[in-house]
């Protein structure tokens, strides 16, 4: 199971941009991973691991450096979470197309004799 230690969501709409940059520190119980996501706000985001190791201090340094670098390029913080300890799947991502729920198919009725019944037209 993976837990989120810290996460920040940044947005850039300067100079006709419409981009997001998300960064999070993920705790996998044996190591820390800094994950960055970026791309167009309503598009599919690219994702890359920026750090993998056993040091939370090193992970936080990389995490803070990435945020500082993006803020220098005009990104603003949209939201942040520190020590949220939530599952990585709960991190909001740039929109992907919603999946329509499908109805489950009804089970087929069991027919022990799959061959159709045939009647003979002559007497025995």
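Any read-out appearing in this document is the output of simple, stated calculations on the displayed coordinates, not a laboratory observation. Predicted model, so just to flag it, every value in this text is computed and none were measured. Don't worry about glycine lacking a Cβ; one is built from the backbone with ideal geometry, like all the others, and counts go over all protein chains shown.
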Inset, instruction - Report the calculated FRET efficiency for residue 56 and residue 13 (r = Cβ-Cβ distance, R0 = 22 Å), to the nearest 0.05. - result: 0.10
Inset, instruction - Report the normalised scattering of the stretch 3-87 as log10 I(q)/I(0) at q = 0.10, 0.15, 0.17 Å⁻¹, calculated by the Debye formula with identical scatterers on the alpha carbons. - result: -0.23, -0.52, -0.65
Inset, instruction - Given the peptides 40-51, 16-27, arrange them by the average over their residues of other C-beta atoms within 10 Å, most packed first. - result: 16-27, 40-51
Inset, instruction - Find how many whole Å separate the alpha carbon centroid of the stretch 1-19 from the alpha carbon centroid of the stretch 37-76. - result: 8
Inset, instruction - Arrange the following residues from fewest to most other Cβ atoms within 10 Å of their Cβ: 55, 30. - result: 30, 55
